[in-house]
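Report on one structure; see the data block that follows.
The values are calculated or read from the model by the stated rules, or taken from the named source; none is laboratory data. What you see is a predicted model, and the numbers here were worked out from it, not measured in a lab. Cβ atoms come from the backbone with ideal geometry, glycine included; neighbour counts cover every protein chain shown.
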Amino acid sequence: MNIFTNLRLLRKRPNATPLYTEIVRQARQPDFYNKLGVPDTYNGRFDLIALHAFIIMRRLKSIGKNGETLSQALFDCMFIDIDKNLREMGVGDLSVGKKIKNLAAAYYGRVKAYEDALLETDEFLEAAFKRNIYLDSRPSSKQLNTFVNYFREQIKESESWSLDKISEVDFVFIPPPNIK
């Protein structure tokens, strides 16, 4: 395959930027941080973006080949944005590649943890969220339970989204729960 073939393949790839923008918009909802106790840090924001990307990519992969193509474009878009943000934060060029590799591995670890936990009881999801979303913070049992319920409801809602709805960003994420 020569460079011109590679360029043609890239042109055929769907534009996932609007979809990624919607994921970031959802992940930046203040109630995740203010009410549900997710740390408002680089790691906390990454984890909420990764979680919502997982929800969409999981649905896309269940749709078939065209869904998988959009899922890959979304993954690429997400990591191009992460690369850009790392550079804007002052991470040196020589370190960016290693950080991206580590974040991609972290993302795949979360995908595995969430896929496995979805097949189990809520306690498994709680444990996965404590390890990933909440990191070193200590959410209340109510916050954790509410987050698990939000995630399960969002997964269920996403099962009704068609490829066209996702491609056109013609769907709505469930708002983060506003607990007191």
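List of remarks:
- Of all residues in the range 27-41, those that are farther than 12 Å from Leu144 by Cα have Cβ atoms under 8 Å from Cβ atoms of residues that are crowded, with 17+ Cβ neighbours inside 10 Å and among the hydrophobic types (A, V, I, L, M, F, W, C), 6 or more apart or on another chain, in Ala27/Leu48; Ala27/Ile49; Ala27/Leu51; Arg28/Leu48.
- The residues in the range 153-180 that are over 24 Å from Gly64 (Cβ atoms) and in contact with a Leu (Cβ under 8 Å, 6 or more places away or on another chain) can be counted, and the count is 3.
- Extreme residue, nearest to Ile155 (Cα to Cα), among residues of the range 115-125 that are part of a helix (DSSP H, G or I) and within 20 Å of the chain's Cα centre (by Cα): Leu118
- Hey, Ile133 among the aliphatic types (A, V, I, L, M) and in contact (Cβ under 8 Å) with a residue 60 or more places away in the chain or not: yes
- Members of the range 88-111 that are within 13 Å of the chain's Cα centre (by Cα), of a type outside the set (Ser, Thr, Tyr) and at pLDDT 90 or above: Ala106, Gly109, Arg110, Val111
- Just one of the listed residues (Asn85, Asn43) is more than 21 Å from Pro139 (Cβ to Cβ), of a type in the set (S, T, N, Q) and at pLDDT below 95, and it is Asn85.
- Residue check, Arg87 basic (Lys, Arg), part of a helix (DSSP H, G or I) and touching a residue at least 24 places away in the same chain (Cβ under 8 Å): no
- Of all residues in the range 101-130 being touching a residue at least 24 places away in the same chain (Cβ under 8 Å) and small (Gly, Ala, Ser), the one that is nearest to Ile82 (Cα to Cα): Ala104
- Members of the range 9-30 that are assigned to a loop (DSSP other than H, G, I, E, B) and surrounded by fewer than 14 Cβ atoms within 10 Å (Cβ to Cβ): Arg13, Asn15, Arg28
- Residue count, the range 31-75 (criterion: outside any helix (DSSP H, G or I), closer than 19 Å to Ile174 by Cβ and of a type in the set (Val, Ile, Thr)): 1
- Subset of the range 126-159 that is polar (S, T, N, Q) and assigned to a helix (DSSP H, G or I) - its residue that is surrounded by the fewest Cβ atoms within 10 Å (Cβ to Cβ): Ser141
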